[in-house]
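Report on the following structure.
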Amino acid sequence: MMVQCALVLAMRVLMMKLSFQIKLFISLVAFFSILFALLGSYYYVDVGRQLYQEMSARAKIQSEEIALIPTLRQQVQAKDINAINAFMQKLVKHSDASFIVIGDDHAMHLYHSAFANRVGTRLVGGDNEEVLAGKSIITIRKGGLGISLRSKVPIFSDDGKVIGIVSVGYLTSYLDTITVNKMVNILIAAVLLLIALFIFSWFFTRSIKKQIFSLEPREIGLLVRQQKAMMESIYEGVIAIDKNLNIEVINQAARKLLGLSQSTRRLRGLSLHELIAPVPFFDPQLMLAKDTHDQVCHFNQRTVLASRVRIMLEESLQGWVITFRDRNEIDSLSAQLSQVKRYVDNLRIMRHEQLNRMTTLSGLLHMGRYDEAIRYIQAQSEHAQELLDFLSSRFNSPTLCGLLLGKAARAREKGVELVFDPACGMDKPMPELAESDAISIIGNLLDNAIEATQRAPLPHDPVEVLILLNERELIIEVADRGIGISPAIREHIFERGVTTKTHGDHGIGLYLIDSYVTQAGGTIEVADNAPRGAIFSVFIPVNPPARDELCNQH
């Protein structure tokens, strides 16, 4: 017992050390070998059974036909042994039976094809009574030649009386020889097939090994677990879909962002449109045309920044990977960062301006021009206070006022003046447009106008600004007399990466403006400004159409 356990343990250790290819080959060979052995055993039994049935039918037919021969019937009734012997010798030559026996109505031999000296002796086997009673039988009994399969049929006289017995038989040894010969042929074919299967199994396992990059199953399992852990640890939502838009992989963050309670296993295989309402982001033509990054979309009433990348394998499209994150969280971080950046910019600008003012004031004092120094201080104070009073009286948002003050100061530093239209006014928040979106739209428009004006020939004309909220819509209009927009890019100005700037990380401002305005149900118009420059006009209705409609129209 201990030896057997040791052998089993040693075999397990050996199998663990073998490579996947060898283990798969051994498994296939063992499986097919056992399968062939079982099939061979079944076929051997089945062939023997069918052969016995076939030979039984053949023996019965022969015995019945012999029993119906009129000449033989007359000879049996007369018990003419010589005549029977002469007649039967001719029949035996055309039969494949092991023996043919003729008996009389007392079960005594009248003829035996194998042993002539049996004539006059009693038929053996113990199954003659039924035949003499007029019944045909098929039995396997031990006779004078050994165990045989035989058919016994009664011979009837013309008046219907049993006058004799015909027995046609096949020795079981003869039948077994036929069965073995058939099985040898089958065995040869099976061995050849098994050799072919060995060769196939070897090349098949090599092919499998190549397809899995020579990795062992345990290594593949480890990679799968690592991938699953990595997917679940990603903070962004990740969905992998096939080329038919059916979900292959979805992580926990994606399920949480989309409000899905089903498990990953239940979601796998479902169509993407069953989880996310159709939006232009999932338009098949756009998905096939190009990838996209950080596009503002609505996934199930949640605003997200989504990216879409095609999965290509050997230049064949396999599907897409979609990543997305909640825009509200990004906006919150962006707002905090922008606020800090504005504080820094404003402090830098104020420091720079104050240094210039202090230098000017110091010069006037050194020259003894005290009256001019006083007038200079009053003028600077009045200008800053006027702008502050105007903005604080027209806009109820401290954040927007701070943005406009900072942009005005920055523009002055760059030699550009911001002029606010007296009609400006926004005395209440707009539900259709988040404050962070409004800040982004106005800030980007002002930055573009200031930079375009700065790149124009001197003297720089002012940038005119109108921000007005009435009962019907919010109007944001920024007009500059800068370098203008080239006709070559006018139609694509709101696409990601398209810009009129010559350096820096640009091409995102107008794209974000267009995204925010579209999500709010508004429109943007771009026109030339005389004699040069551009006018950007944004119109956002107070009660816009449904967002899904706008997304589909857009």
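The table below lists the values:
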item: Condition broken by L468, with the remaining ones in (1) surrounded by fewer than 18 Cβ atoms within 10 Å (Cβ to Cβ); (2) in contact with a helix residue (DSSP H, G or I) (Cβ under 6 Å, 6 or more places away or on another chain) satisfied; result: (2)
item: When residues of the stretch 257-278 are limited to those that are surrounded by 12 or more Cβ atoms within 10 Å (Cβ to Cβ) and farther than 19 Å from K243 by Cβ, the one modelled with the lowest pLDDT; result: T264
item: Residue that is more than 24 Å from S151 (Cα to Cα) and surrounded by 14 or more Cβ atoms within 10 Å (Cβ to Cβ), where the choices are F32, F87; result: F32
item: Residue, surrounded by the fewest Cβ atoms within 10 Å (Cβ to Cβ), within the stretch 150-167, restricted to residues that are hydrophobic (A, V, I, L, M, F, W, C) and touching an Asp or Glu at 6+ places or on another chain (Cβ under 9 Å); result: V162
item: Set G48, G103: member being assigned to a helix (DSSP H, G or I) and of a type in the set (G, A, S); result: G48
item: Test: residue in the stretch 149-157 that is part of a helix (DSSP H, G or I), assigned by TED's automatic domain parsing to the domain that holds A37 and either touching a Cys at 6+ places or on another chain (Cβ under 7 Å) or farther than 20 Å from Q74 by Cα (or both); result: no
item: Which listed residue is farther than 25 Å from S515 by Cβ and in contact (Cβ under 8 Å) with a residue 60 or more places away in the chain, from I241, I311, I247; result: I311
item: Test: I195 is out of contact with any Cys (no Cβ under 6 Å at 6 or more places or on another chain), modelled with pLDDT of 80 or more, among the β-branched types (V, I, T) and part of a helix (DSSP H, G or I); result: yes
item: The listed residue being over 30 Å from A434 (Cα atoms), of a type in the set (V, I, T), surrounded by fewer than 16 Cβ atoms within 10 Å (Cβ to Cβ) and within 20 Å of the chain's Cα centre (by Cα), out of I241, I311; result: I311
item: The stretch 245-275: number of residues that are in a loop (DSSP other than H, G, I, E, B), of a type in the set (A, V, I, L, M, F, W, C) and closer than 15 Å to V321 by Cα; result: 1
item: Some residue of the stretch 453-463 being in contact with a Leu (Cβ under 6 Å, 6 or more places away or on another chain), closer than 26 Å to N543 by Cα and either at pLDDT 85 or above or not assigned by TED's automatic domain parsing to the domain that holds D291 (or both); result: no
item: Residue in the stretch 140-149 that is within 18 Å of Y52 (Cα to Cα), surrounded by 16 or more Cβ atoms within 10 Å (Cβ to Cβ), at pLDDT 85 or above and not small (G, A, S) present; result: no
item: Exclusive hit being more than 51 Å from the chain's Cα centre (by Cα), surrounded by 13 or more Cβ atoms within 10 Å (Cβ to Cβ), at pLDDT below 70 and among the β-branched types (V, I, T), set I349, I330; result: I349
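Let's see how each residue does on (1) modelled with pLDDT of 85 or more; (2) buried (at least 16 other Cβ atoms within 10 Å of the Cβ); (3) not hydrophobic (A, V, I, L, M, F, W, C):
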residue: S381; (1), (2), (3): no, no, yes
residue: E386; (1), (2), (3): no, no, yes
residue: L391; (1), (2), (3): yes, yes, no
residue: N396; (1), (2), (3): yes, no, yes
residue: A408; (1), (2), (3): yes, yes, no
residue: V416; (1), (2), (3): yes, yes, no
residue: P422; (1), (2), (3): yes, no, yes
residue: M430; (1), (2), (3): no, yes, no
residue: A434; (1), (2), (3): no, yes, no
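The values are calculated or read from the model by the stated rules, or taken from the named source; none is laboratory data. This structure is a prediction, so every number in the text was calculated from the model and none was measured. Glycine also receives a Cβ, built like all others from the backbone with ideal geometry; neighbour counts cover every protein chain displayed.
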